[in-house]
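Beneath this line is the structure, given in structure tokens, with notes to follow.
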Amino acid sequence: MIDLSEDFWTNKYKSQKTGWDLGEISTPLKAYFDQLANKNLKILIPGAGNSYEAEYLFQQGFKNVYIVDISREPLINFKERVINFPEEQLIHKNYFDLEGRFDLIIEQTFFCAINPEKRATYVQKTLDLLKNNGKLVGLLFDAKLNSDHPPFGGNKASYLELFKPYFEIETMDKCYNSLGNRQGMELFIKLKKYLKM
């Protein structure tokens, strides 16, 4: 399996081999953000890359947005683009080493970028980082894609098996408003963490 280290991702940014980068906020996430009323939500975007989602949220008055990325490069890019964004909310760290509690974790091309054997660990880490009744919201690829390098694909059945023991599946449906060549390849998810008994 390919080594998806900090150096791997930093080299991708430095060589501008960022085919996953839409260059704008994804339509499904914009639609979701536009109906959020509580601007005090503590929101985390892991593996955020250039994070047009965080930029949009910040511009809409959400000031409690945190970005984490294993590579420093996209965080530098983001800070140059969104100069008023609080520096302490730009976190250069591996998601799996992160601590804290969040109301909302946004999934946008992070899950598909980690080695598939780490997906169960991703679920547990996401649970740890979410407050009770916190939500994981975003997009997952619903396509085969690659087996030896990211993006790694998947399907609804495998995702249900992974998430259902720990989350109430509020939504896991085909996206109707995906951008460009992602049409027909994405699931929109809204998963609520089960309360601990």
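Tabulated data for the structure shown
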| quantity | calculated |
| --- | --- |
| Evaluation of Asn38 against (1) at pLDDT 75 or above; (2) closer than 20 Å to Val82 by Cα (one fails), failing number | (2) |
| Condition check for Gly61: within 13 Å of the chain's Cα centre (by Cα) and either on the phi > 0 side of the Ramachandran plot or of a type in the set (Gly, Ala, Ser) (or both) | no |
| Matching entry among Met172, Met197 (being under 23 Å from Gln124 (Cα atoms), out of contact with any strand residue (DSSP E or B) (no Cβ under 8 Å at 6 or more places or on another chain) and either at pLDDT below 90 or buried (at least 16 other Cβ atoms within 10 Å of the Cβ) (or both)) | Met197 |
| Lone qualifier among Leu90, Leu75, Leu44 - being touching a strand residue (DSSP E or B) at 6+ places or on another chain (Cβ under 8 Å), among the aliphatic types (A, V, I, L, M) and within 17 Å of Lys135 (Cβ to Cβ) | Leu44 |
| Filtered residue count, segment 33-81, keeping only those that are surrounded by fewer than 24 Cβ atoms within 10 Å (Cβ to Cβ), of a type in the set (D, E, K, R) and part of a helix (DSSP H, G or I) | 7 |
| Where Asn64 falls short, out of the listed (1) at pLDDT below 95; (2) in contact with a Leu (Cβ under 8 Å, 6 or more places away or on another chain); (3) not aliphatic (A, V, I, L, M) | (1) |
| Pair list, Cβ under 7 Å, 6 or more apart: segment 137-154 residue farther than 15 Å from Leu187 by Cα and among the charged types (D, E, K, R), other residue surrounded by fewer than 13 Cβ atoms within 10 Å (Cβ to Cβ) and at pLDDT below 85 | Asp148/Ile2 |
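The values are calculated or read from the model by the stated rules, or taken from the named source; none is laboratory data. In this text, all values refer to a predicted model and were calculated from it rather than measured experimentally. Cβ sites come from the backbone with ideal geometry, for glycine too, and all protein chains shown count toward neighbours.
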